[in-house]
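These notes concern the structure reproduced below.
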Amino acid sequence: MPVSLFDLVRLHAPLRAEIMAVLEGCLDSGRFIQGPAVEKLEAQLATTCGTPFAVGVSSGTDALLAAFMALEVKPGDEIITSTYTFFATAGSIARLGARPVFVDVLDDSFNIDPQAIEAAITPRTVGIVPVHLFGQCADMDAVLEIARRRGLWVVEDAAQSIGAEDRGRRAGSMGAMGILSFFPAKNLGALGDAGAVVTGDAALAGRLKVLREHGSVQRYAHEILGANFRIDALQAGFLSVKLPYLRGWEEGRRRNAAFYHEHLGRLSSLRLPWEAPNKRHVFNQFAVRTPRRDALRATLEARKIGCAVYYPTPLHLQPCFGELGGKPGDCPVAEGMSKDSLALPMDPLLTQDQLALVVSAVQEEMAH
Ligand SMILES: *Cc1c(COP(=O)(O)O)cnc(C)c1O
């Protein structure tokens, strides 16, 4: 493939020796669960996110589940979140018997619409889960103001946005907790599944550490109902090796975005994602929008240029949430995005030749 959506083989190639040293260290120590590798990563993540605490867990999905368990979410609780996100944001709410209440997103940012949040609050609402989609923070001043005024907690789904900023505040550091995913395609990816919760609240951090060990403080004494949410020591070690490169990779992503803007910014039937004032966008995805999305996708695929639709069906229309009563027309902005958005190749190490191939294919298709 001349240009893949992202290329993990190329990304890891220069790190091979450092990665193999982590594996050898694990083999030599015999330590695969918890221990110093996990503690080291947690300290690095806390620094990266500007939070006092970070707790490594098994995935971004389990980070959400553990965060909601730490907040004692119970059946019947309502939690307001975006309909335009990856399934896990809402799946983790529903698995606790709580009700995800889906609201629409803003047309210019793919992120949750604060006015729609306000309108969706009921006496059963306990919290808000803004998602920082594609690498850019939601409008957190508005979300936090609503939460404060209405007595709700905020958990930020920062799975796609480690390193992003809103008025100088790091993604994940603004609510009661922030969740991170280290799925390989995220900006900081493990070599498998892993995740973390970051927080400024010592009590919540302590509770998360108990929850990830089956709710036990001392072995075989179970204080609360927990589960196995632990991160592998091996994955923690791999992530510690990769984390120092994250800022440089973000700059690569931002350079790609600037190139796309320079060469595709004047096409009348194409809308590009942009960085809002006071935000730092880390471009986990570069999703363009066009009424001719399916034609553009076919053209790119024919030229072996990677592209993907995130997301073809908003969550309020997913069959598994059918009994919540969502119907077409409830969230028109998100429904429109599911039909007109297409993610272009976005990888920190894209070459000028690759970028030029993408740009010329898009220009030719949009000239039709
Ligand atoms: C990737 C992702 C998750 C889930 O993370 P996993 O590590 O894959 O479990 C949750 N929310 C969003 C927005 C994501 O993109």
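The values are calculated or read from the model by the stated rules, or taken from the named source; none is laboratory data. All values reported here derive from a predicted model rather than from experimental measurement. Here the Cβ positions follow ideal geometry from the backbone for every residue, glycine too, while neighbour counts run over all protein chains shown.
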Inset, instruction - Considering only the range 43-66, state which residues are of a type in the set (S, T, Y) and within 12 Å of the ligand (Cβ to nearest atom). - result: S58, S59, T61
Inset, instruction - Being touching a helix residue (DSSP H, G or I) at 6+ places or on another chain (Cβ under 8 Å) and under 26 Å from L45 (Cβ atoms) narrows it down to one of I231, I305, so name that one. - result: I231
Inset, instruction - Would you mind stating whether M69 is more than 11 Å from the ligand (Cβ to nearest atom), within 30 Å of S240 (Cα to Cα) and out of contact with any strand residue (DSSP E or B) (no Cβ under 9 Å at 6 or more places or on another chain)? - result: yes
Inset, instruction - Could you tell me whether any residue of the range 90-107 is of a type in the set (G, A, S), crowded, with 18+ Cβ neighbours inside 10 Å and outside any loop (DSSP other than H, G, I, E, B)? - result: yes
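Looking only at the range 246-281, filter to residues that are of a type in the set (F, W, Y) and surrounded by 15 or more Cβ atoms within 10 Å (Cβ to Cβ); which one of those is nearest to the chain's Cα centre (by Cα)?
The first filter runs over the range 246-281 and keeps only residues of a type in the set (F, W, Y), leaving 249, 259-260, 274.
After this cut, where a residue has to be surrounded by 15 or more Cβ atoms within 10 Å (Cβ to Cβ) as well, the list is 249, 259-260.
Details: W249: 16, F259: 24, Y260: 22 Å.
In this case the residue turns out to be W249.
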Inset, instruction - Could you check how many residues of the range 136-145 are touching a helix residue (DSSP H, G or I) at 6+ places or on another chain (Cβ under 8 Å) and surrounded by 18 or more Cβ atoms within 10 Å (Cβ to Cβ)? - result: 2
Legend entry - Filtered residues of the range 155-195 (kept if on the phi > 0 side of the Ramachandran plot and touching a Pro at 6+ places or on another chain (Cβ under 8 Å)): G192
Inset, instruction - Kindly list, by first and then second residue, each pair from a residue in the range 150-173 that is closer than 19 Å to P244 by Cα to a residue that is assigned to a loop (DSSP other than H, G, I, E, B) and more than 16 Å from the ligand (Cβ to nearest atom), limited to pairs with Cβ atoms under 7 Å and residues at least 6 apart or on different chains. - result: R170/G50; G172/T51
Inset, instruction - Within the range 243-288, track down each residue that is hydroxyl-bearing (S, T, Y), in contact (Cβ under 8 Å) with a residue 40 or more places away in the chain and over 30 Å from V38 (Cα atoms). - result: Y260, S269
Inset, instruction - Tell me which residues, restricted to the range 116-168, are more than 16 Å from the ligand (Cβ to nearest atom) and hydroxyl-bearing (S, T, Y). - result: T122, T125
Inset, instruction - Look at the range 282-292 and say how many of its residues are closer than 20 Å to L357 by Cβ and buried (at least 18 other Cβ atoms within 10 Å of the Cβ). - result: 6
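Looking at the range 71-82, is at least one residue among the polar types (S, T, N, Q), crowded, with 24+ Cβ neighbours inside 10 Å and within 23 Å of I146 (Cβ to Cβ)? Step through it out loud before you land on a result.
Filtering the range 71-82 for residues among the polar types (S, T, N, Q) gives 81-82.
Then keep just the ones that are crowded, with 24+ Cβ neighbours inside 10 Å; that gives 81-82.
Now drop any that are not within 23 Å of I146 (Cβ to Cβ), which leaves 81-82.
Scanning the range 71-82 turns up at least one residue that is among the polar types (S, T, N, Q), crowded, with 24+ Cβ neighbours inside 10 Å and within 23 Å of I146 (Cβ to Cβ).
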Legend entry - Leading residue by the ranking (farthest from A88 (Cα to Cα)) among those in the range 153-173 that are among the acidic types (D, E) and touching a helix residue (DSSP H, G or I) at 6+ places or on another chain (Cβ under 6 Å): D166
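For the structure I just gave you, tell me whether A67 is within 20 Å of the chain's Cα centre (by Cα) and under 23 Å from A233 (Cα atoms).
Judged against the criteria, A67 is a match.
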Legend entry - Failed criterion for G192 (all others in (1) under 15 Å from the mean Cα position of the chain (by Cα); (2) within 13 Å of the ligand (Cβ to nearest atom) hold): (1)
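For every residue, the table says whether it meets (1) free of Cβ contacts under 8 Å to residues at least 24 places away in the same chain; (2) surrounded by 15 or more Cβ atoms within 10 Å (Cβ to Cβ); (3) acidic (D, E); (4) in the same structural domain as A185 (by TED's automatic domain parsing).
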| position | (1), (2), (3), (4) |
| --- | --- |
| R16 | yes, no, no, yes |
| L23 | no, no, no, yes |
| C26 | no, yes, no, yes |
| V38 | no, yes, no, yes |
| L45 | no, yes, no, yes |
| T48 | no, yes, no, yes |
